[in-house]
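The values are calculated or read from the model by the stated rules, or taken from the named source; none is laboratory data. Keep in mind that this is a model prediction, so the values were computed, not measured. When we count neighbours, we look across all protein chains shown, and the Cβ atoms used for this are built from the backbone with ideal geometry, even at glycine.
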Amino acid sequence: MTRTRKTLVGVVGALLVFAAALSLHAQMQRPWRNGSVWQITFLKTKAGMDTAYLTYLAGDWKREQEALKKEGLTLSYKVVVAESHGPTDWNMMLMTEWKDLATLEASEQKVDALGQKLFGGDQKIEAGYKERLDIREILGGRLAREIILQ
């Protein structure tokens, strides 16, 4: 065997070993998996308006969340109340659980149509938004993915 041929065989062999190592690495099992996606809204109720906002949540907001679940669009929802630690800190967190990001994005028109059906059109929906401005301020939102540990 010539020196060039031995070198070529060595390089090909090394490439095969490298390819096998990459294949094994790609098949590694991770000790977690992706779970559902949470749409989270952080808000602050205005002074003395906790009861008013919680009444809204127990009414129209819950009715919408239950309808979304019944239609199979969402999995669950939660309201978390916390002590705010400053004037710009949230004291309520609204959470809606979706199967995954694809479901959230694909459901946009269905969610809008359901809102129209439940609350009677854009003008009524907008009026509700304006009313709630008097009792709470939305500070921001997040999309978060749950990680399921194996």
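For the stretch 134-144, indicate whether the set of residues that are closer than 18 Å to GLY35 by Cα, under 12 Å from the mean Cα position of the chain (by Cα) and either among the charged types (D, E, K, R) or part of a helix (DSSP H, G or I) (or both) is non-empty. Yes, some residue in the stretch 134-144 is closer than 18 Å to GLY35 by Cα, under 12 Å from the mean Cα position of the chain (by Cα) and either among the charged types (D, E, K, R) or part of a helix (DSSP H, G or I) (or both). Please specify each residue of the stretch 53-100 satisfying the condition of being surrounded by 14 or more Cβ atoms within 10 Å (Cβ to Cβ), in a loop (DSSP other than H, G, I, E, B), in contact with a Leu (Cβ under 9 Å, 6 or more places away or on another chain) and of a type outside the set (Phe, Trp, Tyr). Selection gives LEU73, THR74, ASN91, LYS99.
Just one of (1) modelled with pLDDT of 95 or more; (2) touching a strand residue (DSSP E or B) at 6+ places or on another chain (Cβ under 7 Å) fails for GLN150. It is (1).
Taking the condition assigned by TED's automatic domain parsing to the domain that holds LEU57, part of a helix (DSSP H, G or I) and farther than 20 Å from ARG63 by Cβ, does ALA113 pass? No; evaluated as a whole, the condition is false for this residue. Picking from residues in the stretch 113-133 that are of a type in the set (A, V, I, L, M, F, W, C) and over 20 Å from the mean Cα position of the chain (by Cα), the one that is modelled with the lowest pLDDT is ILE125.
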